[in-house]
Amino acid sequence: MTKTACRLYLITPPEIDDPQAFAGILKEALAGGDVAVLQLRLKGVEDAAVLKAARLLGPLAQAGGVAFLLNDRPDIAKECGADGVHVGQEDASYAEARRILGPKSIVGVTCHDSRHLAMEAGDAGADYVAFGAFHPTKTKEAKTSAQPEILEWWRELTVVPCVAIGGITPENAAPLVRAGADFLAVSSCVWEHAGGARAGVAAMNRAIRSALE
C-alpha cells in the first residue's frame, strides 16, 4: 500500500518535575527529526503547574513549526496560547472544547476502538480522531484494544486525519503506517530511549520512512 504521509505526534511524559530541565530534553527531541504535534499531558497536577509547563514548552514547540496541544483542558489551552486541545471520552466534550477555543483551533478526540464514536466526532467537526490502544502501553491503562483494520476503514471513509496511539515503537509501527495512520502518537519510546530523546525521535522517523517504501 502506497501512502503519502505519516508523521509523529509526541506526547510528554506523564510527570514533569522540572519543566525548565525538561525544556532542554524537548529541544533535543525536536532536533531528532520530523514532529508534527506535541501534546502536553499532565494528569493529577494542579492547574498552575500545567499552565507553567505549557507557557514554557509551548513556544519551544511552536517555534519549530510543531503544533502544541493540551490534553483535556481547553481553558488552559486558551490561556497559554496553545494551538488546540485533545479531549478523551471522559474529559471536556468536543462541543465544549470548540466553544472555548473557537473555530480555528485544533480539537482532537479519543475514539478508542469505536467506529461509532469516530463517526460522531468526525461529523461534529473534530480536526482528528485517535484510535487505540494498538499495543500495551506504560503511560496509562488502556481501556480498549484496537486493530489496524480500523485505520483502513477510516481512511476509506473520510479525509479527517486519524491518530494511532498505544505502545507504538519503531519495531511495531509499520503495520499502522501502512494501514493508513496519519499520525503515530508516542511517548515512552522517545523519552525512555537508551540513546536519548533525540535518538528516539530519529528512530521513529526512520521506522515511518521504512514503512512507506
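Odds and ends about this structure:
- Thr169 vs. criteria in contact with a strand residue (DSSP E or B) (Cβ under 8 Å, 6 or more places away or on another chain), surrounded by fewer than 23 Cβ atoms within 10 Å (Cβ to Cβ), in a loop (DSSP other than H, G, I, E, B) and at pLDDT below 95: no
- Odd one out for Val163, checked against (1) closer than 23 Å to Gly44 by Cα; (2) within 13 Å of the chain's Cα centre (by Cα): (1)
- Among residues of segment 23-36 that are touching a residue at least 40 places away in the same chain (Cβ under 8 Å) and within 16 Å of Gly195 (Cβ to Cβ), those with a Cβ under 8 angstrom from a residue that is surrounded by 17 or more Cβ atoms within 10 Å (Cβ to Cβ) and of a type in the set (Phe, Trp, Tyr), sequence gap 6+ or separate chain, pair up as Ile25/Trp191; Ala29/Trp191.
- Output for segment 1-24, where each listed residue is at pLDDT 95 or above, closer than 15 Å to Val186 by Cβ and not hydroxyl-bearing (Ser, Thr, Tyr): Cys6, Arg7, Leu8, Leu10, Ile11, Pro13
- Qualifying positions in segment 75-100 - buried (at least 20 other Cβ atoms within 10 Å of the Cβ) and either touching a Lys or Arg at 6+ places or on another chain (Cβ under 6 Å) or of a type in the set (S, T, N, Q) (or both): Cys80
- Residues of segment 59-97 that are in contact with a helix residue (DSSP H, G or I) (Cβ under 6 Å, 6 or more places away or on another chain), outside any helix (DSSP H, G or I) and either β-branched (Val, Ile, Thr) or without any contact (Cβ under 8 Å) to a residue 24 or more places away in the chain (or both): Val85, Val87, Ala92.
- Every condition in (1) part of a loop (DSSP other than H, G, I, E, B); (2) under 17 Å from the mean Cα position of the chain (by Cα); (3) at pLDDT 95 or above; (4) not polar (S, T, N, Q) holds for Lys104 except the one numbered (2).
- So Val109, is it on the phi < 0 side of the Ramachandran plot, touching a Cys at 6+ places or on another chain (Cβ under 7 Å) and either in a helix (DSSP H, G or I) or buried (at least 20 other Cβ atoms within 10 Å of the Cβ) (or both): no
- Qualifying positions in segment 25-48 - within 17 Å of Ile76 (Cα to Cα), of a type in the set (Lys, Arg) and either in contact with a Phe, Trp or Tyr (Cβ under 8 Å, 6 or more places away or on another chain) or modelled with pLDDT of 95 or more (or both): Arg41
- Residues in segment 142-166 that are assigned to a helix (DSSP H, G or I) and under 22 Å from Val190 (Cβ atoms): Leu151 alone.
- Filter result for the condition that a residue is basic (Lys, Arg) and under 23 Å from Ala197 (Cβ atoms), over Lys138, Lys143: Lys138
The values are calculated or read from the model by the stated rules, or taken from the named source; none is laboratory data. Remember, predicted model here, so these are calculated numbers, not experimental data. Neighbour counts are summed over all protein chains in view; Cβ atoms, including those assigned to glycine, are modelled from backbone coordinates with ideal geometry.
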